[in-house]
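S.K.: I'd like to ask some things about the structure below.
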Amino acid sequence: MRYVVMVMVLFMMASLPSWCQEGRPWESLFADLSTLNDMESAEWAETYEMLCDLEESPMDINTATREDLLRLPFLSERQVEDIHVYLYRYGSMKTLAELAMIESIDYTTRCLLTYFVCCRDKEAPSPWAWDKVLRYGRHSILATGNVPFYKTRGDDNGYLGYPYRHSLRYRFQYGDHLKVGLLGAQDAGEPFFADRNGMGYDYYSFYAEAHGIGRVQSLVAGRYRAAFGMGLVMGGATGVGKLSALTALGSRSEGLRAHTSRNESRYLQGAGATVNLAKGLGLSAFASYRKVDATLRGDTAIATIVDAGYHRTPTEMDKKHNSSQTAAGANISYRRHGWHVGATAVYTGYDKALAPDTSQSYRRYYPTGQRFWNASADYGHTGPLVSFHGEVATSGEGALAMLHSVSLTPSSDLSLMALYRFYGKRYHSPHAVSFSEGGRVQGESGFYVGAQWRPMRRLSLTAYSDYAYFPGATYQAQVSSRAWDNMLQAQWTSGPLSLTARYRLKWREEDNSAHTALTTRLTHRARLTASLGLGPWRMATSADFAHSHLEQGSTGWMLSVDGGYTHQWLRLAATAGYFRTDDADSRIYGYEQGVLYAFAYRSYTGEGLRYALSARADLGRQFTLIAYLSTTDYLDRDHISTGLQRIDHSSKTDLELQLRWRF
């Protein structure tokens, strides 16, 4: 039977597009997900860093747990279940080509999986044979530095440190069983071995993550993240965008994971563990104590918690770690035959009471007080045709939040999904990250529908429509308002050629210029992309268009081309683009592939040119050197930015250098 399967697999793989077989970088497909939702969020940047981490050390698909696989934002729970069913029926995969035999996993998903999972060539040593940990474990050191060829006003007078951004990462990994790491990071303008950074870097993060210690499924220490249910109480970093929610068909839960990112917010610090109590029954518990940055109101209250992580000026440095947060919680879940139920409870406390300025209407329901409780119950069923998931949560004041989704997959070529959410105005959870239009799990209700359809082998269609209602004031509307977001995408793939057309229409109510009534902002965004891969060469061109209208119109567009060449140990790439927008309302978004662990999602406003060159050299199996030189040259101004960030030139050039040593 195994040989029959392998013959069929080879035949099916021969029909895959050449970019999959030749190793087209996964970042371009990740960029499609981010661009669709204008992802400038910390959650999406963390997802990118997590994927970089997995690319460096892919997980073994034969031993990966459900939570391991659900970290991948392009996998649905049904696909994860089908992978495990295949392994149960046929045993361990000998090659990833066997993924072609799983009907629910389409060719694009198979190609993406090849970057993040693997099949071990031989049986790994006993997970906790400690005498073999050092022998089989692998070390890596990654040093990154940014050199700006310009000066800001803050560099001359205002910033406490020098203008160079740099970081250092160390990681030790023993298969899929143990991961230990240390990260030090420095933003431009922050002091290094000076001021309050006497220990060197402004930001340090230590983490340790272990799996498979008897009944202990996972154990984390240091800095980590927790995600349970649909994220209404404890939310993770993946699967919260509108397209990724459709890709994952509404399901998302990741458990306890190490925090490997340089993002200085939304993490826990302490320890946590997940224990298998019985077959299908798991219990997770965690405790955390961490310092947070805050704007204080006197010495006894917190006006605002600051998540930016910048400590460049005396004012910013005064906010560093001037408050603390304590958190503890637990989750219990039971899974059996595609069904699951669970419950989560979390306590969060601060050393000072939260006291935001509620005189501003959009802050009226911001959380106040010093101690907060949240609890939720989640449920779900994953089936071959119909799947549904949901979570209902409450906060200490009795406020409610709920999210329910249902998906229908009548065939491998068609999937449909609907999602309903209701987040009460008074609901608040400090750790919630979930699906929303307004960016907060509070004061919003809405209904989302989406579809993915492949009417023919080379053509795929994706669409969604999301309606949201905000019962209270928001940042841009002093009274209740509505929003409606729609997207349609078509992609044609034929061998080395790929064509993509995307259109997005967004309608949202906002205050008029006099703040006397609501008016409608209508935003159109369109993108056309063509890419071609010929042997070691890769070429692509894109055209972006944006038009926004709120009392008056604003239009922007951008044309860009990029190409790459790969020859054995050397990879070269170049990109160039021209942009022109009337103002920030019609700004153009673009993603660039830079150095490892650097999420480069940029916006362009005004008129100018953007060009970049990158080179990567893999010097044997141990060393990798990457250089990335980029320039933005504005044609409509003689300076860039304002305040301490102002550059008294019309262009800015940065050089990023990175060296990785694996041993």
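S.K.: Consider GLY594 carefully, then state whether it is open to solvent by less than 60 Å² (accessible area, probe 1.4 Å), part of a loop (DSSP other than H, G, I, E, B) and either farther than 25 Å from LEU168 by Cβ or of a type outside the set (A, V, I, L, M, F, W, C) (or both). Working first, answer last.
M.R.: Details: open to solvent by less than 60 Å² (accessible area, probe 1.4 Å): yes; part of a loop (DSSP other than H, G, I, E, B): yes; either farther than 25 Å from LEU168 by Cβ or of a type outside the set (A, V, I, L, M, F, W, C) (or both): yes.
In short, yes.
S.K.: From the list SER554, SER548, SER498, SER513, which residue is open to solvent by 60 Å² or more (accessible area, probe 1.4 Å) and small (Gly, Ala, Ser)? Step through it out loud before you land on a result.
M.R.: Working: SER554 fails: open to solvent by 60 Å² or more (accessible area, probe 1.4 Å); SER548 fails: open to solvent by 60 Å² or more (accessible area, probe 1.4 Å); SER498 fails: open to solvent by 60 Å² or more (accessible area, probe 1.4 Å).
The match here is SER513.
S.K.: Tell me which residues, restricted to the stretch 87-106, are surrounded by fewer than 19 Cβ atoms within 10 Å (Cβ to Cβ) and in a helix (DSSP H, G or I).
M.R.: LEU87, TYR88, ARG89, TYR90, LEU96, MET101 - these are the residues of the stretch 87-106 that are surrounded by fewer than 19 Cβ atoms within 10 Å (Cβ to Cβ) and in a helix (DSSP H, G or I).
S.K.: Could you list all residues from the stretch 351-386 that are among the polar types (S, T, N, Q) and either out of contact with any strand residue (DSSP E or B) (no Cβ under 9 Å at 6 or more places or on another chain) or modelled with pLDDT under 90 (or both)? Show your work before the answer.
M.R.: Going residue by residue through the stretch 351-386, those that are among the polar types (S, T, N, Q) are 358-361, 368, 370, 374, 376, 382.
Within the stretch 351-386, THR358, SER359, GLN360, SER361, THR382 meet the criteria.
S.K.: List every residue pair whose Cβ atoms lie under 6 Å apart, where the two residues are 6 or more positions apart in sequence or sit on different chains, the first residue falls within the stretch 297-312 and is over 12 Å from SER323 (Cα atoms) and in contact (Cβ under 8 Å) with a residue 60 or more places away in the chain, and the second residue, located anywhere, is aliphatic (A, V, I, L, M) and buried (at least 18 other Cβ atoms within 10 Å of the Cβ).
M.R.: As it stands, the answer is HIS311/MET317, since those pairs meet every condition given.
S.K.: Sticking with this structure for a sec: Take the residues of the stretch 626-646 that are under 25 Å from the mean Cα position of the chain (by Cα) and among the aliphatic types (A, V, I, L, M): which is farthest from PHE663 (Cα to Cα)? Lay out the reasoning, then the answer.
M.R.: Going through the stretch 626-646, the residues under 25 Å from the mean Cα position of the chain (by Cα) turn out to be 626-630.
Remaining after also requiring among the aliphatic types (A, V, I, L, M): 626-627, 629.
Details: ILE626: 18, ALA627: 22, LEU629: 28 Å.
Filtering first and then ranking leaves LEU629.
S.K.: Please work out which residue is surrounded by the fewest Cβ atoms within 10 Å (Cβ to Cβ), limiting yourself to the stretch 557-577 and to residues that are over 23 Å from GLY608 (Cβ atoms) and among the hydroxyl-bearing types (Ser, Thr, Tyr).
M.R.: Among those residues, the one meeting the criterion is TYR565.
S.K.: Does TYR379 fit the bill of being under 26 Å from the mean Cα position of the chain (by Cα), outside any strand (DSSP E or B), more than 16 Å from GLN79 (Cα to Cα) and of a type in the set (Phe, Trp, Tyr)? Explain how you work it out, then say what you get.
M.R.: On the way: under 26 Å from the mean Cα position of the chain (by Cα): yes; outside any strand (DSSP E or B): no; more than 16 Å from GLN79 (Cα to Cα): yes; of a type in the set (Phe, Trp, Tyr): yes.
So TYR379 does not fit the description; no.
S.K.: Identify the residue in the stretch 516-532 that is farther than 30 Å from ARG571 by Cα and of a type in the set (Ser, Thr, Tyr) and, among all such residues, is surrounded by the fewest Cβ atoms within 10 Å (Cβ to Cβ). Spell out how you get there, then give the answer.
M.R.: Just the residues of the stretch 516-532 that are farther than 30 Å from ARG571 by Cα, to begin with: 516-526.
Next cut, of a type in the set (Ser, Thr, Tyr) only: 516, 519-520, 523.
Numbers: THR516: 9, THR519: 15, THR520: 16, THR523: 19.
The selected residue is THR516.
S.K.: If you don't mind, there's one more thing I want to ask. Of all the residues that make up the stretch 615-635, how many are open to solvent by less than 80 Å² (accessible area, probe 1.4 Å), closer than 22 Å to MET558 by Cβ and assigned to a loop (DSSP other than H, G, I, E, B)? Spell out how you get there, then give the answer.
M.R.: Let us first name the residues in the stretch 615-635 that are open to solvent by less than 80 Å² (accessible area, probe 1.4 Å), namely 615-618, 620, 623-624, 626-634.
Of the ones still in play, those that are also closer than 22 Å to MET558 by Cβ are 628-634.
Adding the requirement that they be assigned to a loop (DSSP other than H, G, I, E, B) leaves none.
The number of residues fulfilling the criteria is 0.
S.K.: Within the stretch 598-610, how many residues are in contact (Cβ under 8 Å) with a residue 12 or more places away in the chain, surrounded by 18 or more Cβ atoms within 10 Å (Cβ to Cβ) and in a strand (DSSP E or B)?
M.R.: Result for the stretch 598-610: 4.
S.K.: Let me ask you something else. Among the numbered criteria (1) open to solvent by 30 Å² or more (accessible area, probe 1.4 Å); (2) modelled with pLDDT under 95, which one does ASN197 miss?
M.R.: Unmet for ASN197, out of (1) open to solvent by 30 Å² or more (accessible area, probe 1.4 Å); (2) modelled with pLDDT under 95: (1).
S.K.: Among the residues of the stretch 121-142, write down those that are at pLDDT 75 or above, over 27 Å from the mean Cα position of the chain (by Cα), charged (D, E, K, R) and open to solvent by 90 Å² or more (accessible area, probe 1.4 Å). Spell out the reasoning first.
M.R.: Within the stretch 121-142, the first condition is being at pLDDT 75 or above, and the residues that meet it are 132-142.
Retained after the next criterion (residues that are over 27 Å from the mean Cα position of the chain (by Cα)): 132-137.
If we keep only those that are charged (D, E, K, R) too, we end up with 132, 135.
Hit for the stretch 121-142 is ARG135, nothing else.
S.K.: Could I ask something else about it? Which numbered condition in (1) hydroxyl-bearing (Ser, Thr, Tyr); (2) more than 26 Å from the chain's Cα centre (by Cα); (3) buried (at least 16 other Cβ atoms within 10 Å of the Cβ) is the only one that THR315 fails?
M.R.: Of everything listed in (1) hydroxyl-bearing (Ser, Thr, Tyr); (2) more than 26 Å from the chain's Cα centre (by Cα); (3) buried (at least 16 other Cβ atoms within 10 Å of the Cβ), THR315 misses just condition (3).
S.K.: List the pairs whose first member sits in the stretch 582-597 and is farther than 18 Å from ASN263 by Cβ and small (Gly, Ala, Ser), whose second member is modelled with pLDDT of 85 or more and in a loop (DSSP other than H, G, I, E, B), and whose Cβ atoms are under 8 Å apart, counting only residues at least 6 apart or on separate chains?
M.R.: What qualifies is ALA584/THR605.
S.K.: In the stretch 62-96, what residues are over 20 Å from THR382 (Cα atoms) and either at pLDDT 85 or above or charged (D, E, K, R) (or both)?
M.R.: ASN62, TYR90, GLY91, SER92, MET93, LYS94, THR95, LEU96
S.K.: Moving on. Can you work out which of the residues in the stretch 225-272 that are at pLDDT below 90, more than 19 Å from HIS340 (Cα to Cα) and of a type in the set (Ser, Thr, Tyr) is surrounded by the fewest Cβ atoms within 10 Å (Cβ to Cβ)?
M.R.: Only one residue fits best here, namely SER265.
S.K.: Evaluate the following for ALA530: is it over 30 Å from TYR427 (Cα atoms), in a loop (DSSP other than H, G, I, E, B) and over 24 Å from the mean Cα position of the chain (by Cα)? Reasoning before the result, please.
M.R.: Details: over 30 Å from TYR427 (Cα atoms): yes; in a loop (DSSP other than H, G, I, E, B): no; over 24 Å from the mean Cα position of the chain (by Cα): yes.
Against the criterion (over 30 Å from TYR427 (Cα atoms), in a loop (DSSP other than H, G, I, E, B) and over 24 Å from the mean Cα position of the chain (by Cα)), ALA530 does not qualify.
S.K.: Sort through GLY398, GLY439 and tell me the only one that's under 18 Å from LEU243 (Cβ atoms) and of a type outside the set (D, E, K, R). Full working, then the answer.
M.R.: Working: GLY398 fails: under 18 Å from LEU243 (Cβ atoms).
One residue alone meets the criteria, GLY439.
S.K.: So the check is Cβ under 8 Å with 6+ separation or different chains; which pairs have a first residue in the stretch 352-368 that's within 21 Å of VAL292 (Cα to Cα) and a second one that's open to solvent by less than 30 Å² (accessible area, probe 1.4 Å) and among the β-branched types (Val, Ile, Thr)?
M.R.: Between residues of the stretch 352-368 that are within 21 Å of VAL292 (Cα to Cα) and residues that are open to solvent by less than 30 Å² (accessible area, probe 1.4 Å) and among the β-branched types (Val, Ile, Thr), the close pairs are LYS352/ILE302; ALA353/ILE302; LEU354/ILE302; ALA355/ILE302.
S.K.: Any residue at all in the stretch 207-215 that is modelled with pLDDT under 95, within 30 Å of SER465 (Cα to Cα) and touching a strand residue (DSSP E or B) at 6+ places or on another chain (Cβ under 7 Å)? Lay out the reasoning, then the answer.
M.R.: Here is the first cut: in the stretch 207-215, the ones modelled with pLDDT under 95 are 209-215.
Remaining after also requiring within 30 Å of SER465 (Cα to Cα): none.
So far as the stretch 207-215 goes, no, none of its residues is modelled with pLDDT under 95, within 30 Å of SER465 (Cα to Cα) and touching a strand residue (DSSP E or B) at 6+ places or on another chain (Cβ under 7 Å).
S.K.: Residue by residue through the stretch 641-659, note down the ones that are of a type in the set (A, V, I, L, M) and at pLDDT 95 or above.
M.R.: LEU655, LEU657, LEU659
S.K.: How many residues, within the stretch 533-544, are of a type in the set (A, V, I, L, M) and more than 15 Å from ALA574 (Cα to Cα)? Spell out the reasoning first.
M.R.: Of all residues in the stretch 533-544, those of a type in the set (A, V, I, L, M) come to 534, 539-540, 543.
With more than 15 Å from ALA574 (Cα to Cα) added as a condition, the list becomes 534, 543.
Number of matching residues: 2.
S.K.: Quick one: in the stretch 342-369, of everything that is aliphatic (A, V, I, L, M) and outside any loop (DSSP other than H, G, I, E, B), which residue is surrounded by the most Cβ atoms within 10 Å (Cβ to Cβ)? Reasoning before the result, please.
M.R.: The initial filter retains those residues of the stretch 342-369 that are aliphatic (A, V, I, L, M), namely 343, 345-346, 353-355.
Adding the requirement that they be outside any loop (DSSP other than H, G, I, E, B) leaves 343, 345-346, 353-354.
Values: ALA343: 17, ALA345: 15, VAL346: 24, ALA353: 13, LEU354: 22.
Out of the qualifying residues, it is VAL346.
S.K.: Which residue out of SER265, SER288 is within 19 Å of LEU354 (Cβ to Cβ) and part of a loop (DSSP other than H, G, I, E, B)?
M.R.: Among SER265, SER288, only SER265 is within 19 Å of LEU354 (Cβ to Cβ) and part of a loop (DSSP other than H, G, I, E, B).
S.K.: So, THR653, is that one surrounded by 17 or more Cβ atoms within 10 Å (Cβ to Cβ), at negative phi and either part of a strand (DSSP E or B) or polar (S, T, N, Q) (or both) or not?
M.R.: Values: surrounded by 17 or more Cβ atoms within 10 Å (Cβ to Cβ): no; at negative phi: yes; either part of a strand (DSSP E or B) or polar (S, T, N, Q) (or both): yes.
In short, no.
S.K.: So for the stretch 104-113 (the condition being free of Cβ contacts under 8 Å to residues at least 24 places away in the same chain and more than 18 Å from ASP60 (Cβ to Cβ)), does at least one residue qualify? Don't jump to the end; show me each part of the working.
M.R.: Going residue by residue through the stretch 104-113, those that are free of Cβ contacts under 8 Å to residues at least 24 places away in the same chain are none.
No, the stretch 104-113 has no match at all.
S.K.: Can you tell me which of (1) surrounded by 15 or more Cβ atoms within 10 Å (Cβ to Cβ); (2) on the phi > 0 side of the Ramachandran plot is the one GLY535 doesn't meet?
M.R.: So GLY535 meets the others, but not (1).
S.K.: Take the residues of the stretch 200-218 that are in contact with a Leu (Cβ under 8 Å, 6 or more places away or on another chain) and open to solvent by 40 Å² or more (accessible area, probe 1.4 Å): which is nearest to GLY280 (Cα to Cα)?
M.R.: Among those that are in contact with a Leu (Cβ under 8 Å, 6 or more places away or on another chain) and open to solvent by 40 Å² or more (accessible area, probe 1.4 Å), it is ARG215.
The values are calculated or read from the model by the stated rules, or taken from the named source; none is laboratory data. Because the structure is predicted, anything quoted here is derived from the model rather than measured. Quick reminder, even Gly has a Cβ in these numbers, built from the backbone with ideal geometry, and neighbours come from all protein chains shown. The accessibility values were calculated without ligands, DNA or RNA, using every heavy atom of the protein model including side chains. Shrake-Rupley method; radii C 1.70, N 1.55, O 1.52, S 1.80 Å.
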